[in-house]
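Here the structure comes first, spelled out in structure tokens, and everything after it is commentary.
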Amino acid sequence: MSATTRRRGPYPHVETLMVMGFLLVAFLMACILWVGAWFATRDSGVKPSSPVAMVADLINGSYPWPGGTATAVSVGLGVFVLLSAYGMGRSVSRYSRKRVKVDRALPYLASLTDLAPATKQGVAETAARLGLEGLSPPGVLIGRTVRSGHSLWGSWEDMHMDIWGPRTGKTACRAIPNIVAAPGAVVVTSNKRDVVDATRGVRAAVGDVWIFDPQKQAGAEPTWYWDPLEYVGNSIVLAIKMATRICSVNRPAHARSDAYFEPAAEDLIANLLLAASIDGRPITDIYRWITRPDDTTPEQILRANGHDMSADAVDALITAPDRQRAGVYGTAAQIVSFLIAPGITEWITPGRNPNRPQFHYKQFISEGKDTLYLLSEETNRMAAPLVLAFTAALAEEAENQGRDGPGGRLPVPMLFVLDEAANVCPWKALPDKYTHFGSRGIVMMTILQSWAQGVATWGDVGMAKMWGSANVRVYGGGVLDTKFLADLSAASGIFEPHTMSYSRKNTDFWERNLSRGSRSEPVLDVPDLASLPRGRAFVQISGSPPVLVRTMPWWEGPYADRIRASLAQYEPARPVLSKQTHRSAA
């Protein structure tokens, strides 16, 4: 059992309580009769004695009942008492229904003193220490403590990991409020348009808004483009990084990779990316080279620009035996197959309208005020590789600029909200980067739907590493993974409830033996966490005991009106069904 469970075995005083209850009801009835008798005889000289004595006198016949007036008053008073008791019972019942069962564990969780560094004053002091004194807001909002009602925050050097089940309010309570309040640049990944519609109008007042939407998740048009080769430049190291990120999306976690063809195809893609970047070509040219294995153009470009080793690698594949070459080039063609879709390439090349503005990722970081939304269907091979490459390029550049900035940090913190991270942005290197980003002024909020999602993307070790590296870990309910919930239950702490056992002889009602003791139980057990109601979140903050918080949806925050205005402007209008449509549906 847990701290939320009140009863622990049979109560040893049931019989005593029943006797006491009977005596209380009898005394109350005696009082009602006494009031009726007193009212009927108040003007006479014969008044009733005490309630108990009067009832005894009525029973033995020494006191005559005053008659109709006393009866009427007693009945009326009895009805009033019954109605009052019924009303009080209904009120107590309604209050009990409104109470959240899990809140009974509050006395055993963190107090406000334990959470001092995460209060608004605490994170403001941390911001001052980081040279961000006066920055508003002072950190990333988590929620309000159920126990005291104070707001809790993550500082501008804390990293966040969130696990919320489907439709538990993660977007409304975590993503949207912190996106609109962020003082600096924001990068958001998602597979739905709701977060875009709710926040883009508010963020437009801070800086430019960019929406990367190759699959029309938010209905955005390619009014600008990003050239992935800008990241590659003249570096084979960066070309290899980009190739690795692109290939990782196309390799399912459960699939066994080929020991030769997949690594060779990845190397080929890296060398072709470098060749296209050096020669100022669009990224689509690498697909043309892959579909023409005899084309020596990339090898010539690499050799002419001093990349002899890369040129030799490409030449070795071109001159390899036919079956070997076909296997490598065929695998590479599958990996970069997204380059054949015009709807995709229009977002990463000048395309049909080269006069469109180009997104420069280094400038986005240095200006530190714009907002970028990266949208893709869940782990879709057409857009997810680009979303991953885009996100990683931005995070890496933010890390570099933070390293070279005053104090080794970005002058204004940058927020990454990686909603549906395992589906849209499965960055394999993220667990290794997590702790380092915070020291550079880069705040990551990774939001998953389950622990299993993270394991499928980063493996058991990687997911455990990222969860352990986060300074703020939030569980918002809606998960039925008993192993994960058991770990949270263990982290909730233990308490020592008093226990009592008794025995008695059947021949003697009052003779009994009582023994008292205690036992260790979790503050919150697995059923408590599995049934965590909407509006509550279990939060672990580094250096503090766990705490239950009341989540803060955006409509309860200071940006509610501006968010509603953004939704009214950008959210698709709901269709109005005509009478004919209703008749057809019927």
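The values are calculated or read from the model by the stated rules, or taken from the named source; none is laboratory data. Fair warning: this is a prediction, and the values are worked out from it, not measured in the lab. Heads up, the Cβs are rebuilt from the backbone with ideal geometry, glycines too, and the neighbour counts pull from every protein chain shown. Accessible surface areas use protein heavy atoms only, side chains included; no ligands, DNA or RNA. Shrake-Rupley method; radii C 1.70, N 1.55, O 1.52, S 1.80 Å.
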Subject >> Average accessible area per residue (Å²) across region 58-207 - probe 1.4 Å, nucleic acids and ligands excluded >> reply: 46 Å²
Original post:
In degrees between 0 and 90, to the nearest 10, how far off the longest principal axis of the chain does helix 308-318 point, with axes built from Cα atoms?
Top reply: 90 degrees
Original post:
How would you order 546-554, 283-291 from highest to lowest mean count of nearby Cβ atoms within 10 Å?
Top reply: 546-554, 283-291
Original post:
What's the Cα-based Rg to Rh of the chain, Rh via Kirkwood?
Top reply: 1.20
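Quick one: divide the alpha-carbon radius of gyration of region 137-290 by 2.2 N^0.38 Å and tell me what you get. Please report the intermediate quantities before stating the final value.
Working: Rg = 20.4 Å, N = 154, 2.2 N^0.38 = 14.9 Å.
Here the answer is 1.37, to two decimals.
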Original post:
By a straight-distance test (C-alpha under 13 Å), which aspartates and glutamates pair with residue 369 as possible cross-link partners, with residues fewer than eight away in the same chain excluded?
Top reply: 208
Original post:
Where the centre of each part is set by its Cα atoms, how far does region 128-203 sit from region 296-349, in angstrom?
Top reply: 42 Å
Original post:
How far apart, in nm, are the 7 Å Cα→Cβ label points at residue 101 and residue 82?
Top reply: 3.4 nm
Subject >> 16 Å Cα-Cα reach of residue 433 towards aspartates and glutamates, excluding residues that sit fewer than 8 places from it in its own chain >> reply: 157, 158, 396, 397, 399
**OP:** Assuming R0 = 56 Å, can you tell me the calculated FRET efficiency for the pair residue 75 and residue 556, based on Cβ-Cβ distance, to the nearest 0.05?
**Re:** 0.65
Subject >> Per-peptide average of other Cβ atoms within 10 Å, ordering 175-186, 448-459 highest first >> reply: 175-186, 448-459
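Based on DSSP, what percent of beta bridges with both residues in the chain are antiparallel, to the nearest 5?
Of all bridge pairs located within the chain, approximately 45 percent are antiparallel.
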Subject >> Order of exposure, largest accessible area first, which applies to 101, 170 with probe 1.4 Å >> reply: 101, 170
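First measure r as the distance between the Cβ atoms of residue 237 and residue 483, then evaluate 1/(1 + (r/R0)^6) with R0 = 51 Å and state the FRET efficiency to the nearest 0.05.
About 0.85, to the nearest 0.05.
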